[in-house]
Amino acid sequence: MDQYVNTTCHVEAGETTVFKSACRMCHGGCGVLVHVSGGDITKIEGDPDNPMNKGKLCPLGTASLEQIYNPKRLKYPMRRVGHRGEGQWERITWNQAYDEMAAKIKKATAKNGAESIWVGTGTGRHHFPYVSRFANAIGTPNWCEPGTAQCFRPRVHGSVITMGQLPICNYTSEANPELILFWGHNPIYSGPDGELGFGVREALNRKPKTIVVDPRQTMLAKRADIWLQLRPGTDDALALAMLNVIISEGLEDKSFVDEWCHGFHELTARVAQHTPEWAAPITWVAAEKIREAARLYAETRPSMLEWGCAIEHTPSCFQTVRALLCLASITANIDQPGSWSFGMTPLPSFPQLFDKMETAQQKKRLGYDDFKVLSGKLAQLPSAHIPSVFKAIRDHDPYPVTTGFIFGNNALSTYGDVQTVYETLVALDYLVVAELYMTPTAELADLILPVATWAEVDALPAVPFYGQNVIMAQQKTIQYGECVQDEEIMTEICRRVGTAHGQESPQEVYDTMLRSTLEFGWEELKEKGFYQPEFKWRKYEDDGFKTPTGRIELYSTLLDDMGLDPLPAFEEPPESPYSTPQLAEEYPLILITGARIPMFFQSEYRQLPKLRKGRPEPECELHPDTAVSLGVKNGEWVSIETKRGKCRQKVKVFDGIDARVVHVQHGWWFPEEEDGPDHGNWRSNANTLTSMDPPYCSAMGTYQLRALLCKVIKVEDSDEPWRPPLAEKYDSNVANIQEWS
Ligand SMILES: Nc1nc2c(c(=O)[nH]1)N[C@H]1C(S)=C(S)[C@@H](COP(=O)(O)OP(=O)(O)OC[C@H]3O[C@@H](n4cnc5c(=O)[nH]c(N)nc54)[C@H](O)[C@@H]3O)O[C@H]1N2
Ligand SMILES: Nc1nc2c(c(=O)[nH]1)N[C@H]1C(S)=C(S)[C@@H](COP(=O)(O)OP(=O)(O)OC[C@H]3O[C@@H](n4cnc5c(=O)[nH]c(N)nc54)[C@H](O)[C@@H]3O)O[C@H]1N2
Ligand code: SF4
Ligand SMILES: [Mo]
């Protein structure tokens, strides 16, 4: 029996109204109680009834009030009056803003077709599914976000192609895994990225065996039964070698493989050469250790596989995803208690309106032919290829892209190679940025729209989006300034343009979704707070896996049909000590960036005192031997340099990292610096070091964001930080800026 888990929503407590909602300081999904009194939020606490977080909040969640009432928040729409990037703005009304945007969309469409409009967003915030809906409604196939090729979507698309659905670690069920394999993922820091960090902690308390695959000795690695400290970017080789051990030693689950897996013989042949001895020099992990890990993994069942974005930051990402899917599949760790499982998907898929766009227009999507799993025929959530869109903006090749809408993405911080990003943004004729804060990216806009925080929106959070087993209502609890939630902004633009679709209110959309499969609508869900359908295991026994063969496709017939490699394979990272040895002479260290820390979310929250206090300065991790050889000590500033650019961070000496590897934090800018439109964007920004250049993953178009080559140099506190030559233009240098106005 399905059951309503909750009882009440608005709990009147004297003068205070308590709303049940969902925190979205990260991807989100923790149940919260929001106390509102006199139109203001007075308290936010974890909802003890919620099965996802059981009343707990992480550091980000507890800082919510500092975010919602932050004095630096944008409060009303603003139009650029000076030159682009000069920081001169005039306040306008929403009505003026909507009319202006509608006119620009019509003009761009008439001149160069709707495909000349780029719609961008960031990772999984409440309005994520609305962004592609909006793009489809106004007729452009060119929407994208930094994660489509570099984070999460490769895992989703790879899973859909291989087994019909994304498998998840469901810690809300009673069953506990006997083993957890953490692969390039640190969920106790990175929270909800398909699961809840709280669930992982609880599962760990029950003392399962653990294997950690990570170049850094994280807390999880310290307590692991086996820690595989691999060379960054060689996950595919390690996974192939583990498959080799399992298959050559006959440790697979034979009956599951016989009945439910397609292409085991082909996989066996593919991995036959990939022995641990083959993998050891590639991965830097000893052959015996690979064997030991493969045996422990195969023999300890059921197990869950916690995988993270670290595997998606290299062009071989799709093959790595596929290899890991094969590992879990041949050991039958699929949709049974304590193993990877499939969510219940109680809701229909979000109405993103892809079906409303003509095929001919879909085919204009940049990346459509080249990256079939990201943008083309095999894409489960088709999106454009970012480097191709940016090229079309800069060079009008293969056609002009001239108008941009960004709903929540600090592109100058989180895209690879921010210098190229900068050149791209200033090449646009017209740029709208919907934001909470005046970020370095918003500074380059023509129109700025102030948006609502998570506590000011009505939304169906991404929890069901991940296939999790809970549907939640996120409720608007207050009005702040003139801020409007992104979904409403997009809907109103559609109305002003007069699009054929996409004009229903967000609440109507949620209501229709809920009622199409459940017996209640949006208002009832708000009252209940959340809904949890009954969970079923081994759903595939009823109607097979949703693939062409009805089985898990170790050998993918879909990829084969598209001319892509149907079996997992190894690719050396395009920039590495082995593929570019000459470059390695000048840049001898391997760079990894962006391992998550609990205080920040991407480039967010540096302006929240409670969180910033925990990490006041950017830090890079160096092995003690490396620090000695460079002549630097803990807390001293260093310049990290690649052939593309430089940034500086403070040294944190850390013996849990290989002496040949450096880790640099990502997302750093300095919102406290008011003067100058760049807000310290270039000083400590990891993406001055990275690249958006080819080669790309043949399926997903992924570029190499990690495992690049760098060097580290000591700098004095008094040394001027490096700024790229183009940043000089970024100062209010009117002569230059005029060219872009
Ligand atoms: N607090 C907080 N939570 C977050 C975020 C945040 O910014 N802050 N971001 C959210 C987002 S969008 C995402 S994608 C997730 C990301 O969170 P995770 O998926 O956990 O990814 P990371 O923290 O980047 O990296 C996880 C581990 O991978 C290791 N690693 C680095 N390079 C490699 C490699 O080549 N191979 C392997 N096997 N491991 C490697 C790192 O050392 C790190 O310990 O977190 C989400 N949650
Ligand atoms: N070097 C390096 N770069 C990386 C990564 C890495 O590990 N290393 N990780 C990559 C990954 S995995 C990801 S997912 C991306 C993340 O990239 P993004 O998700 O784009 O993160 P941000 O660039 O911080 O941009 C988010 C912006 O949205 C604003 N915002 C927050 N909530 C809302 C809202 O409700 N509405 C609107 N309109 N705006 C909002 C915030 O103020 C912030 O400025 O970064 C990628 N970049
Ligand atoms: S894990 Fe995410 S949703 Fe949960 S409290 Fe922290 S920030 Fe909020
Ligand atoms: Mo991400």
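Observations on the model:
- Gained length - E288 relative to Q380, 0.36 nm times residue gap less alpha-carbon distance: 29.2 nm
- Normalised contact order of the chain, rounded percent, pairs of Cα under 8 Å and 6 or more residues apart: 19
- Measuring r between the beta carbons of S173 and E720 and using R0 = 60 Å, the FRET efficiency lands at 0.60.
- Computed on region 164-345, with alpha-carbon pairs under 8 angstrom and 6+ residues apart, the relative contact order is 33 percent.
- Accessible surface of the chain [probe 1.4 Å, protein heavy atoms]: carbon and sulfur percent: 49
- Taking 0.36 nm per residue of sequence separation and removing the Cα-Cα distance, the K254/R538 pair yields an extension gain of 100.5 nm.
- When each of the peptides 27-35, 435-443, 42-50 is scored by the mean number of other C-beta atoms lying within 10 Å of its residues, the order from highest to lowest reads 27-35, 435-443, 42-50.
- A crude spin-label estimate for the pair K610 and Y69, with each label 7 Å from Cα along the Cβ direction, gives 1.1 nm.
- Compactness check for the chain: Cα Rg over 2.2 N^0.38 Å is 0.92.
- In this structure, the residue pairs whose Cα-Cα separation is over 30 Å, taken from K72/K476; K536/K610; K222/K652; K72/K356; K104/K610; K72/K106, are K536/K610; K72/K356; K104/K610; K72/K106.
- If you plug the beta carbon distance of H265 and Q336 into 1/(1 + (r/R0)^6) with R0 = 22 Å, you get a FRET efficiency near 0.35.
- For K377, the aspartates and glutamates whose Cα falls under 12 Å of its own Cα, not counting residues fewer than eight places away in the same chain, are D369, D561.
- Solvent-accessible surface of region 164-345, averaged per residue with a 1.4 angstrom probe and all protein chains in place: 30 square angstrom.
- Partners for K209 among aspartates and glutamates (Cα-Cα distance below 20 Å; same-chain residues under 8 apart left out): E174, E178, E195, D225, E252, D253, E288, E292, E299, E306, D335
- Taking the DSSP beta bridges with both ends in region 164-345, the antiparallel portion is around 10 percent.
- Straight-line cross-link partners of K650 among the lysines, defined as a Cα under 18 Å from its Cα and at least 8 positions apart when in the same chain: K613, K633, K711, K714.
- For T517 and L204, the FRET efficiency from 1/(1 + (r/R0)^6), where r spans their Cβ atoms and R0 equals 25 Å, is about 0.15.
- Residues listed by number, region 646-661, amide nitrogen under 20 Å from K633 label point at 7 Å toward C-beta: 649-655
The values are calculated or read from the model by the stated rules, or taken from the named source; none is laboratory data. Please read these numbers as outputs of a predicted model, since none were measured by experiment. Positions of Cβ are backbone-derived with ideal geometry, glycine not excepted, and every protein chain shown enters the neighbour counts. Remember, those area values only see protein heavy atoms, side chains included, never the ligands or the DNA or RNA. Shrake-Rupley method; radii C 1.70, N 1.55, O 1.52, S 1.80 Å.
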